[in-house]
Amino acid sequence: MSRITVSEERCKGCLLCTQVCPVTIIRQSERINQNGYKVAEVPAEDMAKCTGCASCATICPDVAIEVWRGKKPKPGSKAA
Amino acid sequence: MPKTQGAASAPKTNQTGEELVFTRPASMVDRATHYCPGCHHGIAHRLVGELIDELGLKENTVAVCSIGCSVFLYNYIDVDSVEAPHGRAPAVATGVKRARPDKFVFTYQGDGDLASIGMAEIMHAANRGERMSVVFVNNTVYGMTGGQMAPTTLIGQKTTTCPGGRCKDREGSPIRMSEIIAHLGGTAFCARGSLDSVKNIRQAKKYMRQAFEVQTKGLGFGFVELLAGCPTNWRLSPLAANKRITDEMIPYFPLGVFKEVEGDGTCGSMLAPESAPGAEGGK
């Protein structure tokens, strides 16, 4: 299980991350941050699809994305 | 799969066993940049920060900042820095490096700064083989002053000073800086990367590492050109600007290594006939 966190203070809504995500789970949210940008987000229901590849963080010009990579759930466990 | 990027320290792990595999590099200040959305300067800054961390140079670096959008580099990279007059960053860096040869010295310049007003300084610094590294961000336009034509502006590209598009007969062809620098005697490493895709960003980081390492090994002048986007002055969305780099810039500015010198760092190895102009070519 991997996940990303998007810093809503830092995100400028350029959406470069939405194009490079291999599982296309990043989208533009309706939330507007203090600078007036519509920030990127991953819907909670899609976060399980995250592969932890860090492509979004690599292309983010504002270092707004942190990537956490978890251990793979064991086969047969409920979390899988 | 990428290895842990960002902070050079051991990967952080939280209570649930998740590992932090990507975060802000330690030598990059946690501060919002002044760049427009989609500007690639942020990526270039991060790559510089990551390399300074990975090479362990943070306490030993002097950055020489230029004029242009990258003028506030010293606000974002947590190293000692000097602000140079427009185009003169290689001249200032020459002085810094000769006064303090033990320091790692790099300049960070844009195309309006390096390829236009700073052409003389960069050419002679490369020709002398100053032990410094240059990060050259090429976005084909003067960004800070409002999108005027730069020497690297592509034929047909509209800017505020060539509203009908750059004309080859009138303004000449865009300058390919990496090819020029590669043919100068003191250059130890010269390459061109791009910041438009994840693959190209990872490759650009490898080029930057080599450009930094030729200095730390004392081989000579390290130069890396990074093709970058300027969505605001190109009048494009960030996504369309990225596509323009792929479709229009990379065909004119080919990516790759243009010069790579092996040697022990003595002047003799740099002046050997095999590294004379014409012996090296773009790959």
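The values are calculated or read from the model by the stated rules, or taken from the named source; none is laboratory data. What you see is a predicted model; the values in this text were computed from it and never measured. Cβ sites come from the backbone with ideal geometry, for glycine too, and all protein chains shown count toward neighbours.
Which residue is farthest from the chain's Cα centre (by Cα), if the candidates are limited to region B:13-34 and must be more than 7 Å from chain A (Cβ to nearest Cβ), touching a residue at least 24 places away in the same chain (Cβ under 8 Å) and farther than 20 Å from B:LEU55 by Cα?
Once the filter is applied, the top-ranked residue is B:ARG31.
Given B:ALA204, B:ALA150, which one is small (Gly, Ala, Ser) and within 14 Å of another protein chain (Cβ to nearest Cβ)? Even if it seems obvious, please write down each step before you answer.
On the way: B:ALA150 fails: within 14 Å of another protein chain (Cβ to nearest Cβ).
Exactly one residue qualifies, and that residue is B:ALA204.
Tell me, yes or no, whether region B:33-45 has at least one residue that is among the aliphatic types (A, V, I, L, M) and touching a Leu at 6+ places or on another chain (Cβ under 9 Å).
Taking region B:33-45 first, the residues among the aliphatic types (A, V, I, L, M) are B:43-44.
Within this subset, residues satisfying the condition of being touching a Leu at 6+ places or on another chain (Cβ under 9 Å) are B:43-44.
Checked against the condition, which is being among the aliphatic types (A, V, I, L, M) and touching a Leu at 6+ places or on another chain (Cβ under 9 Å), region B:33-45 yields at least one hit.
For residues in region B:228-264 being surrounded by 14 or more Cβ atoms within 10 Å (Cβ to Cβ), over 20 Å from the mean Cα position of the chain (by Cα) and not in a helix (DSSP H, G or I), which is modelled with the lowest pLDDT?
B:GLY263
Is it true that some residue in region A:54-61 is out of contact with any Leu (no Cβ under 9 Å at 6 or more places or on another chain) and more than 9 Å from chain B (Cβ to nearest Cβ)?
no
B:THR107 is checked against (1) crowded, with 20+ Cβ neighbours inside 10 Å; (2) facing chain A (nearest Cβ under 9 Å) and fails just one. What number does that condition carry?
The number of the failed condition is (2).
Just to verify a result, which residue in region B:54-105, among those that are out of contact with any helix residue (DSSP H, G or I) (no Cβ under 9 Å at 6 or more places or on another chain) and in a loop (DSSP other than H, G, I, E, B), is nearest to B:ASN233 (Cα to Cα)?
Looking at the filtered set, the residue picked out is B:GLY56.
For region A:2-27, name all the residues that are loosely packed, with under 15 Cβ neighbours inside 10 Å and either farther than 19 Å from A:ALA54 by Cβ or touching a Leu at 6+ places or on another chain (Cβ under 7 Å) (or both).
Residue satisfying the conditions is A:GLU9 alone.
A:SER29 fails exactly one of the following numbered conditions: (1) within 13 Å of another protein chain (Cβ to nearest Cβ); (2) not in a loop (DSSP other than H, G, I, E, B). What is the number of that condition?
(1)
Please verify whether B:VAL92 is at pLDDT 95 or above, away from chain A (no Cβ under 11 Å) and touching a Phe, Trp or Tyr at 6+ places or on another chain (Cβ under 8 Å), treating the condition exactly as stated. Break it down stepwise before answering.
Details: at pLDDT 95 or above: yes; away from chain A (no Cβ under 11 Å): yes; touching a Phe, Trp or Tyr at 6+ places or on another chain (Cβ under 8 Å): no.
Considered against the rule, which asks whether it is at pLDDT 95 or above, away from chain A (no Cβ under 11 Å) and touching a Phe, Trp or Tyr at 6+ places or on another chain (Cβ under 8 Å), B:VAL92 comes out as no.
From the residues in region B:172-208 that are basic (Lys, Arg) and buried (at least 19 other Cβ atoms within 10 Å of the Cβ), which one is nearest to B:LEU51 (Cα to Cα)?
B:LYS205
Against the conditions (1) more than 20 Å from B:THR232 (Cβ to Cβ); (2) assigned to a loop (DSSP other than H, G, I, E, B); (3) not charged (D, E, K, R), where does B:VAL135 fall short? Just the number, please.
Failed condition: (2).
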